[in-house]
Amino acid sequence: QVQLVESGGGLVQAGGSLRLSCAASGGIFSIDTMGWYRQAPGKQREVVASAPRDGRLTYAESVKGRFTISRDDAKSTVYLQMSSLKPEDTAVYYCNAEGRYTIGIRAFDFRSWGQGTQVTVSS
């Protein structure tokens, strides 16, 4: 029911920057946590950064100091500002959101994923 649409991926040289965006839509009542994951070829999907509603942002060790996650609750959107990119950051990046949505007077929990956006960092 809740859809996430990502944008902002692309090809960048090492040391460059990219900004990913992810907008949620579809009868959203509240969003508890929004976050970003990534999956490189031949590897498992891993969490990159998380932005819970309480504001306690968390990051994977590999991106600390280089990536910044933020969310705009008025727009139901989460961002990932990526700087000092490295070739090992190359992956498909997925947005994730958890919360509650409504249909009429009924509320339901949701956990949704975006379709993924490719980030390629050349050396």
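Residue check: GLN1 meets all listed conditions (1) under 17 Å from THR120 (Cβ atoms); (2) surrounded by fewer than 17 Cβ atoms within 10 Å (Cβ to Cβ); (3) touching a residue at least 24 places away in the same chain (Cβ under 8 Å) but one, namely (1).
Regarding segment 88-98, can at least one residue be identified that is in contact (Cβ under 8 Å) with a residue 12 or more places away in the chain and over 25 Å from GLY42 (Cα atoms)? Scanning segment 88-98, I find at least one residue that is in contact (Cβ under 8 Å) with a residue 12 or more places away in the chain and over 25 Å from GLY42 (Cα atoms), so the answer is yes. Of the strands (runs of 3 or more DSSP E) entirely within segment 1-66, those holding at least 2 residues that are within 12 Å of ASP89 (Cα to Cα) occupy 10-13, 28-39, 46-52. Per the conditions (1) in contact with a Phe, Trp or Tyr (Cβ under 9 Å, 6 or more places away or on another chain); (2) open to solvent by less than 70 Å² (accessible area, probe 1.4 Å), the sole criterion not satisfied by THR90 is (1).
Only one of the numbered conditions (1) surrounded by 14 or more Cβ atoms within 10 Å (Cβ to Cβ); (2) at pLDDT below 95 is violated by SER123, and that is (1). Residues in segment 8-39 that are at pLDDT below 95 and within 10 Å of the chain's Cα centre (by Cα): 0 in all. Can you say whether TYR79 is under 14 Å from VAL5 (Cβ atoms), open to solvent by less than 50 Å² (accessible area, probe 1.4 Å), in contact with a strand residue (DSSP E or B) (Cβ under 7 Å, 6 or more places away or on another chain) and in contact (Cβ under 8 Å) with a residue 40 or more places away in the chain, as far as the supplied structure shows? When the stated conditions are applied, TYR79 passes them.
When the residues of segment 9-45 are filtered to those that are closer than 29 Å to THR102 by Cα and among the small types (Gly, Ala, Ser), the one that is most open to solvent (accessible area, probe 1.4 Å) is SER25.
Residues satisfying the criterion are present in segment 44-62 (criterion: free of Cβ contacts under 8 Å to residues at least 24 places away in the same chain and of a type in the set (Lys, Arg)).
Kindly provide the set of residues from segment 63-76 that are among the small types (Gly, Ala, Ser) and open to solvent by 30 Å² or more (accessible area, probe 1.4 Å), ordered by number. Matches in segment 63-76: GLY65, SER70, ALA74.
Selection within segment 93-115: residues that are open to solvent by less than 30 Å² (accessible area, probe 1.4 Å) and farther than 17 Å from GLN39 by Cβ. The member of this set that is modelled with the highest pLDDT is ALA97.
The values are calculated or read from the model by the stated rules, or taken from the named source; none is laboratory data. Because the structure is a prediction, the values reported are computed rather than measured. Neighbour counts are summed over all protein chains in view; Cβ atoms, including those assigned to glycine, are modelled from backbone coordinates with ideal geometry. In case anyone asks, the SASA skips ligands and DNA or RNA and just uses the protein heavy atoms, side chains included. Shrake-Rupley method; radii C 1.70, N 1.55, O 1.52, S 1.80 Å.
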